[in-house]
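*Asks:* Here you go, one structure.
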Amino acid sequence: MPEKTVLVTGGAGFIGSHLCDRLSADGVRVICVDNLATGNLERIAHLVGRESFRFVRHDVEMPFDPGEPVSEIYNLACPASPAQYGRDPIRTFRTNVLGAMNVLELAAAQGARILQASTSEIYGDPDRSPQPETYFGNVNTMGPRACYDEGKRGAETLFYHYRHERGVDTRIARIFNTYGPRMARDDGRVVSNLIVQALTGARLTIYGSGEQTRSFCYIDDLVEGLVRLMAAPASCQGPVNLGNPAEFTVLDLAEMVLAKTGSASGLVFRPLPEDDPQQRRPDISRARHILDWTPTVGLGEGLDRSIAYFAELVHQGKTGE
Ligand code: NAD
Ligand code: UDP
């Protein structure tokens, strides 16, 4: 049996399942905790049944005792798509804040190192670009995105206080838009929406003018960054941006998807959701310096891999892995 046990909350989600794969490949025992709100067991089916992998269906809003020692915890439990986290905003807020508190209590009790999956949404609709970790952000507390943004900000505050008051060894990754295979077909985020629309001959939905920007990070790069951050020295305090600094408008993305799929689909413009950030681009100097990390998969290559995955889903008539 592996010597090290790592707990991953949200491990049946898009990022979490890739992280479980990576940790398993590294020879680590993994406990995956997930309530399957937006996750599904198919993503981890190949791991279930292994002696070094355990799945526990549990809601992180409630305290959790794994009943065995764990040395590291990755806290990823939370829906990440605006369409999904907006469906039950109070629950999203509870998951972020109560979930963070429960896993931090577990880390404190076990003396485990703990990493929080925070987000670029911490910066809200930023009035500076690129966004460094020192930027305090521009977030509306009274809008539809606040349950997620403020929930994640509250979680960061809890991580800060558990480090300073309780001596917990904490890490905070501020993750920028990440995409790739295993996103659900009906996830609602822009990369999956546009690819599936292009593959099925539907018009590509552009919210607002499509001139707003995002920086898209391929899943393998992100997982590498998370693992490096967890392994960084305890002196590595404060949040670390993880994202790909190459910035694209939504229209750029739509053009690339159309060209790569060879689709004849047109575009259809829909209203811009409230508080939708106009720009987003990470300053990753800190990650480069502390983790020696930089993304290696460009958007073109990442889209090729993602299109191949979604083409298979569409072919099989499935909604997700
Ligand atoms: P996802 O929705 O695919 O995965 C989230 C997982 O958490 C799902 O398996 C879901 O069932 C589980 N979950 C939700 N609420 C839970 C609860 N109360 N108890 C237990 N499990 C619960 O999303 P993702 O894209 O994989 O994101 C994973 C994490 O990374 C999230 O915390 C998200 O905020 C963060 N993040 C993601 C991105 C991105 O672009 N994908 C960007 C920034 C931050
Ligand atoms: N978006 C879009 N069409 C879609 C889905 C999203 O134009 O079908 C836009 C959305 O308004 C936002 C950007 O794409 O400006 C990224 O949206 P996503 O939901 O992927 O992530 P987030 O807004 O959280 O960055």
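*Asks:* If you take the residues in the range 66-77 that are in a loop (DSSP other than H, G, I, E, B) and within 15 Å of ligand 1 (Cβ to nearest atom), which one is farthest from ALA12 (Cα to Cα)? Reasoning before the result, please.
*Replies:* Here is the first cut: in the range 66-77, the ones in a loop (DSSP other than H, G, I, E, B) are 66-71, 76-77.
Still in the list and also within 15 Å of ligand 1 (Cβ to nearest atom): 66, 76-77.
Working: PRO66: 17, LEU76: 10, ALA77: 9 Å.
Ranking the qualifying residues of the range 66-77, first place goes to PRO66.
*Asks:* Quick one: count up the residues across the range 176-197 that are closer than 27 Å to PRO132 by Cα and either free of Cβ contacts under 8 Å to residues at least 24 places away in the same chain or touching a His at 6+ places or on another chain (Cβ under 8 Å) (or both). Spell out how you get there, then give the answer.
*Replies:* Pass one, the range 176-197, residues closer than 27 Å to PRO132 by Cα: 176-180, 189-191.
Applying the additional criterion that residues be either free of Cβ contacts under 8 Å to residues at least 24 places away in the same chain or touching a His at 6+ places or on another chain (Cβ under 8 Å) (or both) yields 180.
Here the count works out to 1.
*Asks:* Check whether at least one residue in the range 198-210 is within 16 Å of ligand 1 (Cβ to nearest atom) and buried (at least 16 other Cβ atoms within 10 Å of the Cβ), and report yes or no. Break it down into steps so the answer makes sense when it comes.
*Replies:* Filtering the range 198-210 for residues within 16 Å of ligand 1 (Cβ to nearest atom) gives none.
So far as the range 198-210 goes, no, none of its residues is within 16 Å of ligand 1 (Cβ to nearest atom) and buried (at least 16 other Cβ atoms within 10 Å of the Cβ).
*Asks:* Which one is nearest to ASN241 (Cα to Cα), of the residues in the range 277-297 that are more than 16 Å from ligand 2 (Cβ to nearest atom), touching a residue at least 60 places away in the same chain (Cβ under 8 Å) and surrounded by fewer than 16 Cβ atoms within 10 Å (Cβ to Cβ)?
*Replies:* Per the criteria, the residue is SER285.
*Asks:* In addition: Take the residues in the range 173-189 that are charged (D, E, K, R) and in a loop (DSSP other than H, G, I, E, B); name whichever of them is surrounded by the fewest Cβ atoms within 10 Å (Cβ to Cβ). Steps first, please.
*Replies:* Initial filter on the range 173-189 (charged (D, E, K, R)): 174, 182, 185-187, 189.
Next, from what is left, pick out any that are in a loop (DSSP other than H, G, I, E, B): 182, 185-187, 189.
Numbers: ARG182: 21, ARG185: 19, ASP186: 13, ASP187: 22, ARG189: 19.
This residue is ASP186.
*Asks:* Return the residues of the range 1-44 that are touching an Asp or Glu at 6+ places or on another chain (Cβ under 8 Å), in a helix (DSSP H, G or I) and either among the aliphatic types (A, V, I, L, M) or within 16 Å of ligand 2 (Cβ to nearest atom) (or both); say none if nothing qualifies.
*Replies:* The one that is touching an Asp or Glu at 6+ places or on another chain (Cβ under 8 Å), in a helix (DSSP H, G or I) and either among the aliphatic types (A, V, I, L, M) or within 16 Å of ligand 2 (Cβ to nearest atom) (or both): PHE14.
*Asks:* Still on this model: Quick one: how many residues across the range 146-172 are farther than 15 Å from VAL97 by Cα and either over 21 Å from the mean Cα position of the chain (by Cα) or surrounded by fewer than 23 Cβ atoms within 10 Å (Cβ to Cβ) (or both)? Step through it out loud before you land on a result.
*Replies:* Taking the range 146-172 first, the residues farther than 15 Å from VAL97 by Cα are 163-171.
Then keep just the ones that are either over 21 Å from the mean Cα position of the chain (by Cα) or surrounded by fewer than 23 Cβ atoms within 10 Å (Cβ to Cβ) (or both); that gives 163-169.
Qualifying residue count, the range 146-172: 7.
*Asks:* Check ILE307, ILE219, ILE290, ILE284 and return the single one that is at negative phi, among the hydrophobic types (A, V, I, L, M, F, W, C) and touching a His at 6+ places or on another chain (Cβ under 7 Å).
*Replies:* Values: ILE307 fails: touching a His at 6+ places or on another chain (Cβ under 7 Å); ILE290 fails: touching a His at 6+ places or on another chain (Cβ under 7 Å); ILE284 fails: touching a His at 6+ places or on another chain (Cβ under 7 Å).
ILE219 is the lone residue from the list that is at negative phi, among the hydrophobic types (A, V, I, L, M, F, W, C) and touching a His at 6+ places or on another chain (Cβ under 7 Å).
*Asks:* May I pose another question? Among the numbered criteria (1) within 16 Å of ligand 2 (Cβ to nearest atom); (2) free of Cβ contacts under 8 Å to residues at least 12 places away in the same chain; (3) among the polar types (S, T, N, Q), which single criterion is violated by SER81?
*Replies:* Here SER81 meets the rest and fails (2).
*Asks:* Mind checking whether some residue in the range 136-151 is within 16 Å of ligand 1 (Cβ to nearest atom), closer than 25 Å to ILE290 by Cα and in contact (Cβ under 8 Å) with a residue 24 or more places away in the chain?
*Replies:* no
*Asks:* Could you pull out the residue among ALA80, ALA108 that is in a loop (DSSP other than H, G, I, E, B), aliphatic (A, V, I, L, M) and either out of contact with any helix residue (DSSP H, G or I) (no Cβ under 6 Å at 6 or more places or on another chain) or more than 9 Å from ligand 1 (Cβ to nearest atom) (or both)? First the steps, then the outcome.
*Replies:* On the way: ALA108 fails: in a loop (DSSP other than H, G, I, E, B).
Residue meeting the stated conditions: ALA80.
*Asks:* Right, next: I'm trying to understand the selection: among the residues of the range 19-41, which are in contact (Cβ under 8 Å) with a residue 24 or more places away in the chain and surrounded by fewer than 21 Cβ atoms within 10 Å (Cβ to Cβ)?
*Replies:* If we filter the range 19-41 for residues that are in contact (Cβ under 8 Å) with a residue 24 or more places away in the chain, which is where we start, we get 19-24, 26-41.
Selection gives ASP21, ARG22, SER24, ASP26, GLY27, VAL28, ASN35, LEU36, ALA37, ASN40, LEU41.
*Asks:* I've got another one for you. Consider ARG214 carefully, then state whether it is more than 14 Å from the chain's Cα centre (by Cα), at pLDDT 95 or above and near ligand 1 (Cβ under 10 Å from one of its atoms).
*Replies:* On the way: more than 14 Å from the chain's Cα centre (by Cα): yes; at pLDDT 95 or above: yes; near ligand 1 (Cβ under 10 Å from one of its atoms): yes.
It is true that ARG214 is more than 14 Å from the chain's Cα centre (by Cα), at pLDDT 95 or above and near ligand 1 (Cβ under 10 Å from one of its atoms).
*Asks:* Which of the residues that make up the range 190-226 are more than 6 Å from ligand 2 (Cβ to nearest atom), among the aromatic types (Phe, Trp, Tyr) and either under 16 Å from PRO82 (Cβ atoms) or in a loop (DSSP other than H, G, I, E, B) (or both)?
*Replies:* Hit for the range 190-226 is PHE216, nothing else.
The values are calculated or read from the model by the stated rules, or taken from the named source; none is laboratory data. No experiment lies behind these values; they were computed from the predicted model shown. Cβ coordinates were reconstructed from backbone atoms using ideal geometry, including for glycine residues, and neighbour counts include every protein chain displayed.
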